[in-house]
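The values are calculated or read from the model by the stated rules, or taken from the named source; none is laboratory data. On a predicted model such as this, the values are computed, not experimentally measured, just so you know. Glycine gets a Cβ as well: all are built from the backbone with ideal geometry, and neighbour counts include every protein chain shown. SASA here: full protein model, heavy atoms, side chains in, ligands and nucleic acids out. Shrake-Rupley method; radii C 1.70, N 1.55, O 1.52, S 1.80 Å.
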Amino acid sequence: MAKGALDEAIAKYTEAIALDPQNVNLLASRASTYGRLNLHQAVLHDGNDAVQLIVEAMKLDGGKAPPAGK
């Protein structure tokens with residue numbers, strides 16, 4: 001995929017995350033796209049945010065992982 005298309009995908013993921021900041025799948029997808037551009041710090045940032053959301057969800061749900069797709 002061309003760099004321009006990846007940049008566009010990142011922009012779209014960023015818009016979607018602004019609308020649904022608790023969506024782990026969006027963060028993971030944007031992180032993956034950053035990875036394809038070798039933007040490693042951005043990958044780590046989104047990955048850490050995703051993990052934090054999962055941990056918080058587990059705390060609220062008595063230690064259970066959230067269902068897939070949440």
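For region 28-37, indicate whether the set of residues that are assigned to a helix (DSSP H, G or I), open to solvent by 70 Å² or more (accessible area, probe 1.4 Å) and touching a residue at least 12 places away in the same chain (Cβ under 8 Å) is non-empty. Yes, because at least one residue in region 28-37 is assigned to a helix (DSSP H, G or I), open to solvent by 70 Å² or more (accessible area, probe 1.4 Å) and touching a residue at least 12 places away in the same chain (Cβ under 8 Å). Among the residues of region 4-39, not one is on the phi > 0 side of the Ramachandran plot and among the charged types (D, E, K, R). Collect the residues in region 48-63 that are at negative phi and more than 19 Å from the chain's Cα centre (by Cα), keeping them in residue-number order. The answer is Lys59, Leu60, Asp61. No other residue among Gln22, Gln52, Gln41 is open to solvent by 50 Å² or more (accessible area, probe 1.4 Å) and part of a loop (DSSP other than H, G, I, E, B) apart from Gln22. Can you confirm whether Val55 is among the β-branched types (Val, Ile, Thr) and modelled with pLDDT of 95 or more? No. For Ala65, the conditions (1) touching a helix residue (DSSP H, G or I) at 6+ places or on another chain (Cβ under 9 Å); (2) modelled with pLDDT under 95; (3) surrounded by 13 or more Cβ atoms within 10 Å (Cβ to Cβ) are fulfilled apart from (3).
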